[in-house]
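Remarks on the structure that follows.
The values are calculated or read from the model by the stated rules, or taken from the named source; none is laboratory data. Quantities reported herein were computed from a predicted structural model and do not represent experimental measurements. Positions of Cβ are backbone-derived with ideal geometry, glycine not excepted, and every protein chain shown enters the neighbour counts. For the accessible areas, the whole protein counts, side chains as well, though only heavy atoms, and no ligand, DNA or RNA atoms are used. Shrake-Rupley method; radii C 1.70, N 1.55, O 1.52, S 1.80 Å.
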Amino acid sequence: MQSTTQTRVHLPEADVRLLDRMGELHGSMKRKLYARIAAHGGKAKSHKTAFCREHGLSARMFNAIAIELQGLIDGTRELLRAERKDLVKGNQLCQLRKTGDAGYSLKIRVPDRLLSPDEGKYLVIDEIAFGYDREALDAALEAGIALSWRLHRDERGWRAFVSFDHRPAERVTHDTLFGTVGLDFNVDHLAVTETDAFGNLLRTKRLALLREHASSGQRNAALSDALTAAVDWAKDARKPIVAEVLDFSAKKKAMAQLSPKGARMLSGLLYAKYRQLLEAKCFRAGVELIKIDPAYTSTIGAVKYASRRGWSVHAAAAGVIARRGQKLTERLPRAGTVIRVPVRGGHHALELPARKSGDSRVTGWRGVHAAYRGVVRERWLATRRGSPRRSVKGTHGGGARAAPLSRGDRLPCEDKLHEQICAPSN
């Protein structure tokens, strides 16, 4: 038998504040670990090494957090399993039949102890209408597929939830040889870009999402609408959708530089919702979903396509994602050249780093990515500090090919930059 006792301790104010901070750290790390598990899956302990290194935690503190969190997750899963069993049993108490083009009738068996002499055994609710998925529900009724019911009461009254297995839709998309539709998921919008059979970027669209001022329900509804529009686009074009398998921690760090408020809203739970909705909508529409490694897609989009086409970095990144789904590779630009890249609403000079002759394409893009992130961070710091930091010589970049800067907003002199870009190579 296990017994528990307690006592009250009196501490100096400084020690109380320290314990408060430790409690806040424990709660914050537990939420971050849950977000990582939601985004990447696996058990809590499988993320130990990377999580401790990233957040500076000791192994003992991580173990304490992981044990507590894994217990909560496992307990919730057991409750869901039990609820699912109850729903399957409860299916025998509820019977649904179709009464018209869009109407249904629900018959619920009333428990014997609640019956009165002048009442029947069933409660019949007529004129029921479902807001969506009626075609799939009708198909399930015709096929005799089991329906699972949950009756829930909230402040507006009673609601009936019905669940059933969806039959896979017939595939309507062609092979990637005919082009794809790429998605780039961001904190405030979904960028969608279509390519043709040769990997050329055809058209793009920005589907807005709600930000931190909205409730979670409103954000989820906006996300669902945006994904529906993207899947409908791919279905009409008869092209597969290509999406990132996000390294969520890296995505969040990048967003922190561009929009601190937006980064607070971007969480592993939101990405998990995005992934769940996208997979479900593609499954129901018969659209093939291809998942790719997202490494350097934003950098490649900024360097190779954004300025040339007059698109945002995210629209160009969606095009790179689409091309990667077609197994197309991206050739590295010539080292040492200075190009214009879009950063924070403007265009700024980026000097491409030198490369070793034996470097692979991945290594080369890693160097370009580091240089590009340096420019992004410099512009971010400039806006945080109020005024941009200028170099001693008044140039951006280094070496003989550094681009002179204007006095206003650290923009490269247009004539000099155009001269460098268009100059014939030696």
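Available extension along the chain between Ala229 and Phe161 is 22.0 nm, counting 0.36 nm per residue and deducting the alpha carbon span. Highest-first packing order for the peptide set 324-335, 170-181 is 170-181, 324-335, based on the mean count of other beta carbon atoms within 10 Å. A simple charge model with +1 on the Cβ of Lys and Arg, -1 on the Cβ of Asp and Glu and nothing else charged puts the dipole of the range 297-374 at about 180 debye relative to its Cα centre.
Placing unit charges on the Cβ atoms only, positive for Lys and Arg and negative for Asp and Glu, gives the range 179-234 a dipole magnitude near 120 debye about its Cα centre. The accessible-area ordering, largest first, of the residues Trp149, Trp311 stands as Trp311, Trp149, per a 1.4 angstrom probe. Here's the list of aspartates and glutamates a cross-link from Lys48 could span, going by alpha-carbon distance under 17 Å and ignoring same-chain residues fewer than 8 apart: Glu68, Asp247. Each residue of the range 154-163 is assigned a 3J(HN,Hα), and the resulting list reads 10, 5, 9, x, 8, 10, 10, 10, 10, 10 Hz, derived from the Karplus form 6.51 cos²θ - 1.76 cosθ + 1.60 (θ = phi - 60°), x at Gly and Pro. Between Arg309 and Ile128, the contour length at 0.36 nm per residue exceeds the Cα-Cα span by 60.1 nm. Over the range 168-247, Cα pairs under 8 Å with separation of 6+ residues give a relative contact order of 36 percent. Here the relative contact order of the range 65-190, from alpha carbon pairs under 8 Å that lie six or more residues apart, stands at 17 percent.
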